[in-house]
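Okay, so here's the structure we're looking at.
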Amino acid sequence: MGKLVSQEEIVEIVRKGQAEGKTFSATNGCFDILHVGHVRYLRKTKEFADYCIVMLNSDQSVKQIKGDERPINCEADRAEVLNALSSVDYVVLFEERSPAKLLEAIKPDIYTKGADYTLETLPERENVERNNIKVEFIEYVAGKSTTNIINKCLN
């Protein structure tokens with residue numbers, strides 16, 4: 001079972017772990033209504049390293065990106081659900097629209113993003129290149145998204 005940690009704690013955990021030869025993969029997202037696409041994505045992220053870190057958009061961050069009607073689930077609930085997954089070792093919240101600042105602090109070995117991105121379109125490209133972080137792009141599960149679930153509930 002995973003653990004919700006502060007930004008300061010995750011930086012220390014990663015530094016200690018890497019010094020002991022452990023590897024860390026990290027990803028980010030809102031993970032508002034967890035679905036099979038999320039589960040498969042996080043399972044794949046975990047396969048790349050000893051530990052999986054989810055950089056979770058805070059409620060305020062989600063509102064900035066998705067609008068005032070989101071998130072559906074508050075950050076504490078989203079973190080708890082993520083931490084219940086065997087593929088998630090740590091969850092850490094961030095307030096900004098982008099996890100770039102947190103990614104810069106953590107410096108995981110691997111960073112995963114959905115395959116709708118490329119290295120050229122990756123917002124965190126500068127961070128990963130500067131810190132020699134390997135990027136893995138993970139295919140989405142067709143038709144599985146929080147937006148689709150919300151739309152289905154409304155119709």
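A few notes on this one:
- Residue count for segment 79-109 under the criterion of being in a helix (DSSP H, G or I), in contact (Cβ under 8 Å) with a residue 12 or more places away in the chain and among the charged types (D, E, K, R): the result is 2.
- Selection of segment 1-22 for residues being in contact (Cβ under 8 Å) with a residue 24 or more places away in the chain, exposed (fewer than 15 other Cβ atoms within 10 Å of the Cβ) and in a loop (DSSP other than H, G, I, E, B) yields Met1, Ser6, Lys22.
- Scanning segment 99-131 for residues that are within 15 Å of Val54 (Cβ to Cβ) and either touching a Pro at 6+ places or on another chain (Cβ under 6 Å) or among the hydroxyl-bearing types (Ser, Thr, Tyr) (or both) yields Tyr111, Thr112.
- Inclusion of Lys63 among residues that are free of Cβ contacts under 8 Å to residues at least 24 places away in the same chain, under 16 Å from Val11 (Cα atoms) and surrounded by fewer than 16 Cβ atoms within 10 Å (Cβ to Cβ) is not warranted.
- For the criterion of being closer than 26 Å to Asn132 by Cα, touching a residue at least 12 places away in the same chain (Cβ under 8 Å) and in contact with a strand residue (DSSP E or B) (Cβ under 6 Å, 6 or more places away or on another chain), Asn57 fails.
- Residue match in segment 65-78 (condition: assigned to a helix (DSSP H, G or I), of a type in the set (Lys, Arg) and touching a Ser or Thr at 6+ places or on another chain (Cβ under 8 Å)): no
Since every read-out is calculated from the coordinates, none of them should be taken as a lab result. Here the structure is a predicted model, which is why all the values come from computation and not from measurement. Using ideal geometry, Cβ is built from the backbone for each residue, glycine included, and neighbour counts are taken over all protein chains shown.
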